[in-house]
Amino acid sequence: MTDQHNARCLGHRGHPDVKTPNIDALAANGVCFDNAFCQNGVCVPSRVSYHTGMYLHSHGVFNGTLYNPIPSGLLSLPAYLKNFGYQTACIGKKHLPGWGTVGYDYERLCYCDDAPTRNLHYYNYLKSHNLHAYYDDLGDVEKFCLREDGDTIPLKHSLETWTAREANRYLDEVCDRQKPFFLHVSFERPHPPLTVPKECDYGYESGKITLPANDREVVQEEPIYFNRNVEMKWCKSVHGEKVLRQALCCYYNLITLIDEKIGEILQVLKKKNLFDDTLIIFCSDHGDYAGEYSKMAKGFCYDAIHRVPYIWRFGNKFASKIEEGLVQTIDMFPTLCDILNIPVPCQVQGVSLKDVLLTPNVHSKQDRVFYEFVGVKTVRTKKFKLNYCIDSVEKGELFDLEKDPYEYENVFNAKRYLGTRDMMVRYLLEWLITTQQPDNYGKLNERYPKTRWFSM
């Protein structure tokens, strides 16, 4: 898993500049989902959805800090797999604060879950080498990069190098070869700060990179505007095109560095004869503008933020194809259960993609995906997207994605689209009703529809 990785910023997706040969090789020999969507555009809620297979309004996590811990009663994928003999490990950025029952037996963490005290494995590693001054917090949100002096950490001590080294050490020294394992390797970047390590230059030149086609900025006066005090500052109108290009070069360098480190992990799997027997998933918790709308960082409710990389490889067991059907990141939990031939927990809300993975001519049958934040619910089909909220009055954004793929023209109030708007609102209503999972309602209180999580 990468963090805040725009789905088009990969070589195999046809990006004109970004170089990702190792990830591309996974895509070439597996299933690449071109329309995979996460359930939230912020790190913690999205990661909880990955781990639980549940929508936000069901697992209840819309934020994530040490002061708003994740409920211990939620069943996570690693905790569930332990019931079937799996070793579980998390390397890098876990970012699941307060979730004591998440189920990782072995952890080597770099960021966030204990940020106030910095009692982190990577920080302590830097401290042991007298390099802790280089430890990157979130940085100044008004700037693209953290260090104005240009001084950055040596590559051999960088976060990316450390994450890969710790993952390989787990495979070499910790993992019991006689038991199956679930290893979550979570790279913290290309999430800002975009501080590229010393001696890390993959040839990206700010004057030569190609800016996205949808580079026209989106103004603040949108009906649904999510202001995190970042999106209006990390843009060309504030810093100028030169700085935006420099930021993109840093972003691309970090992606290519991570790709290189993923290659090193894959080589260890190959040396141990584990590569073809290991199911490998490459994904991201959410996206980034990455120059779209002349911005960096994240926000709502654009495809740039919610569409994520999603590649599955399992030796020669999966079909080799590009899957254009709609899928969601909550589908990971039930798909893994289905492939491993273990029961899917009743509260999991995603759907299994096993048949899509195994069979060349089988495609995802999902005709809509959903994501949400506080007060805003989104439904997206292949043709339309509706962002809907009530803020004393009905507000919304409706986009005709066939005519307007970059989401510039809001047709929410256009007379010719009123029927489509009503249909999309009904989709949201059906979704909310059928995915309710009330905490204090026992299954004997009433006979629930089969769409509910309680067993019949």
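The values are calculated or read from the model by the stated rules, or taken from the named source; none is laboratory data. In this text, all values refer to a predicted model and were calculated from it rather than measured experimentally. Every residue, glycine as well, gets a Cβ built from its backbone with ideal geometry; the counts of neighbours run over all protein chains shown. To get the accessible areas, we keep the full protein, side chains included, count just its heavy atoms, and leave off ligands, DNA and RNA. Shrake-Rupley method; radii C 1.70, N 1.55, O 1.52, S 1.80 Å.
Assorted remarks:
- Rounded to the nearest 10 Å², the accessible area of D276 at probe 1.4 Å: 80
- Per residue, in Å², the accessible surface of segment 204-357 once ligands and nucleic acids are set aside, probe 1.4 Å: 36
- The chain, relative contact order in percent, only Cα pairs under 8 angstrom and at least six apart counted: 23
- Relative contact order, percent, segment 158-301 [alpha-carbon distance under 8 Å, six or more residues apart]: 38
- Surface accessible to a 1.4 Å probe, L428 within the full protein complex, Å²: 10
- Subtracting the Cα-Cα distance of H132 and L211 from 0.36 nm times their residue separation leaves 24.9 nm of extension gain.
- Highest mean packing comes first when the peptides 205-211, 21-27, 255-261 are listed by Cβ atoms within 10 Å, giving 255-261, 21-27, 205-211.
- Across segment 146-221, Cα pairs under 8 Å and at least six residues apart give a relative contact order of 48 percent.
- Take each peptide in 159-165, 335-341, count the other Cβ atoms within 10 Å of every residue, and average; sorted highest first, the result is 159-165, 335-341.
- Distance between modelled label sites at M423 and S72, nm, 7 Å Cα→Cβ extension: 4.8
- Given their separation in residues at 0.36 nm each and the Cα-Cα distance between them, T435 and D367 gain 22.8 nm when the chain is fully extended.
- Area accessible to solvent at Y427, 1.4 Å probe radius, in Å²: 50
- Within the accessible area of segment 6-122 (1.4 Å probe), percent carbon and sulfur: 51
- Accessible area (Å², per residue) of segment 2-137, counting only protein heavy atoms and a probe of 1.4 Å: 34
- Per residue solvent-accessible surface (Å²) - segment 380-428, probe of 1.4 Å: 55
- Violating pairs (Cα-Cα greater than 18 angstrom) within the set K236/K403; K377/K415; K298/K395; K19/K261; K93/K295: K236/K403; K377/K415; K298/K395; K93/K295
- Normalised radius of gyration (Cα atoms, divided by 2.2 N^0.38 Å) for the chain: 0.96.
- The fraction of accessible area contributed by carbon and sulfur in segment 303-378 is 53 percent, rounded to a whole number (1.4 Å probe; ligands and nucleic acids excluded).
- Segment 233-376 shape via C-alpha gyration tensor axes, a/c threshold 1.5: oblate
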